[in-house]
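Here the structure is laid out as structure tokens; the discussion comes afterwards.
The values are calculated or read from the model by the stated rules, or taken from the named source; none is laboratory data. If you're wondering where the values come from, they're calculated on a predicted model, not measured in any experiment. Using ideal geometry, Cβ is built from the backbone for each residue, glycine included, and neighbour counts are taken over all protein chains shown. Only protein heavy atoms, including side chains, enter the accessible area calculation; ligands, DNA and RNA are left aside. Shrake-Rupley method; radii C 1.70, N 1.55, O 1.52, S 1.80 Å.
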Amino acid sequence: MRFSLFAHMERWDESESPSQQFENLTELTQIAEAGGFGTVWIGEHHSMEYVSSPSPIPQLAYLAARTSTIRLGAGTIIAPFWNPVRAAGEAALLDVISGGRAEIGIARGAHQFEFDRVAGGLPASDGGTHLRELVPAVRALWQGDYAHDGEIWRFPTSTSVPKPVQQPTPPMWVAARDPASHDFAVANGCNVMVTPLMKGIGEVENLVGKFNTAVRDHPEVPRPELMVLRHTHVHGAEDPEGWRPAAEAIQRYYRTFDAWFGNRKTPVNGFLEPSPVSKFAERPEFEPESLRETAVIGTPDEVVERLRRYEELGIDEYSFWIDNSLSHKAKRASLELFIDEVMPHFR
């Protein structure tokens, strides 16, 4: 099981500048590369400061120049927000700039807030139609001339300019949750990325089961890879209460996610207050004690033990999701401890 880093430029108030955010992202990526991480992933989000990333591709293109070996993952671009010709060309350009290190993830999208501002109010639940049309169109454009007459997009013969370095195409990933999404990804030769969010190991097993079912249903396709994205924080063994600040920070992250996902309040300059703790009084999965168990939080030995189960499940890539509302200093210390005292057990 290999490891990757999943990171956005988090901004929780005006005290940190966007320039400092980007330097923080760059530093974390360079630490991850030096420590043996295989990929850095950055997602796409719009007008939300806590996940500042209007397009992962220019961020990754910059990181390509500041790194040499780590792969650069768009994880993910949101299908309804992209024209296939533009998606193919920009992704291929990233592959050229990076010398063939691009990984391209595509998702249906989730936040209605973003759809209201970027996709003309299209229901977020309709994003799957765009994803299923975008994936084969982008792949075809990467490989040569292609005309498209679909349900969403129509264009005459075109092609990706430039062409990607990786042939026949860069690796494609699909963010999947329901069985149909897993089936589509596997049938189309795409790797799969899954996110259990605040649910426990049972949800991981459930998602792995959906993936394995799709693999069994498509013996004609070589087995794709499976990545699990999980909030992760490592603290020193000398601090038995070191889990608590991380669990409380991740709770804040999910309360903020809930506020944006609810789409009921107008944000102010890209900021939105987290939903109050009282809203989750009947939701024990939001308690810090629960998040300690469902997120991967613990001492190095505890984290190694937790990750052994992921390895046993046949997961190909474990993505260390470092977004958590903690300070950059705290995140850096956690990442370095993971590299020094967890990763050697998986080599």
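Couple of notes before you dig in:
- Dipole check for the chain: with +1 at the C-beta of Lys and Arg, -1 at the C-beta of Asp and Glu, and the Cα centre as origin, the magnitude is about 680 Debye.
- Take the Cα of Glu16, step 7 Å toward its Cβ, do the same at Arg117, and the gap between the two points is 1.9 nm.
- Remark: relative contact order (the chain) = 18 percent; criterion is Cα-Cα distance under 8 angstrom and separation of 6 or more residues.
- Under 21 Å from the Cα of Lys210 - lysines, other chains or at least 8 residues apart: Lys199
- Of all aspartates and glutamates in the structure, the ones whose alpha carbon falls short of 16 Å from that of Lys329, not counting any fewer than 8 places away in one chain, are Glu10, Glu16, Glu23, Glu27.
- Close amide H contacts of Met193 (hydrogens built in the peptide plane, cut-off under 5 Å, sequence separation of 5 or more or a different chain): Val174, Ala175, Ala176, Met227.
- Degrees, to the nearest 10: 84-97 long Cα axis against longest axis of the chain: 70 degrees
- Angle of helix 127-143 to the longest C-alpha principal axis of the chain, folded into 0 to 90 degrees and rounded to 10: 60°.
- Excluding ligands, DNA and RNA, the accessible surface per residue across the chain is 41 Å² with a 1.4 Å probe.
- Relative to the longest principal axis of the Cα atoms of the chain, the long axis of helix 18-34 lies at roughly 90 degrees.
- Portion, in percent, of the accessible area of the range 23-106 that falls on carbon or sulfur, probe 1.4 Å: 56 percent
- Lys, Arg +1 and Asp, Glu -1 on Cβ, resulting dipole of the range 113-167 about Cα centre, debye, nearest 20: 220 debye
- Once exposed loop GluC sites (Glu not before Pro) are cut out (DSSP; at most 13 other Cβ, 10 Å), longest piece of the chain: 15-150
- Ordering Gly38, Asn83, Leu131 by the projection of their Cα atoms onto the charge dipole of the range 24-170, which places +1 on the Cβ of Lys and Arg and -1 on the Cβ of Asp and Glu, puts Gly38 at the extreme positive end.
- Phi to ³J(HN,Hα) by Karplus 6.51 cos²θ - 1.76 cosθ + 1.60 over the range 166-171, Hz, x for Gly, Pro: 6, 10, x, 8, x, x
- Of the trypsin sites (Lys or Arg not before Pro) in the range 115-208, the ones in a loop by DSSP (not H, G, I, E or B) with at most 15 other beta carbons within 10 Å are Lys199.
- Near the amide H of Met48, within less than 5 Å, lie the amide hydrogens of Ser53, all on another chain or at least 5 residues away, with H placed in the peptide plane.
- Shown for the range 287-347: the carbon plus sulfur share of the solvent-accessible area, taken with all protein chains present and a 1.4 angstrom probe, equals 44%.
- Mean ellipticity per residue at 222 nm, deg cm²/dmol - from DSSP H runs of n ≥ 4 across the chain, formula -39500 (n - 2.57): -13500 deg cm²/dmol
- Derived scalar couplings ³J(HN,Hα) [the range 182-198; Karplus, 6.51 cos²θ - 1.76 cosθ + 1.60; whole Hz; x for Gly, Pro]: 4, 4, 4, 4, 5, 4, 9, x, 9, 5, 10, 10, 10, 10, x, 6, 8
- Residue with peak Gaussian network fluctuation, the chain [Cα springs, cutoff 10 Å], from Pro219, Pro300, Pro123: Pro219
- Looking at the range 237-307, the trypsin sites (Lys or Arg not before Pro) that sit in a DSSP loop and have at most 12 other Cβ atoms within 10 Å of their own Cβ are Arg264, Lys265.
- When the Gaussian network model of the chain links Cα atoms closer than 10 Å, the mean-square fluctuations of Leu25, Leu313, Leu134 top out at Leu313.
- Spatial separation of Cα centroids for the range 240-316 and the range 201-218, in angstrom: 23 Å
- Max mean-square fluctuation residue, GNM over the chain, Cα-Cα springs under 10 Å, options Val192, Val221, Val303: Val221
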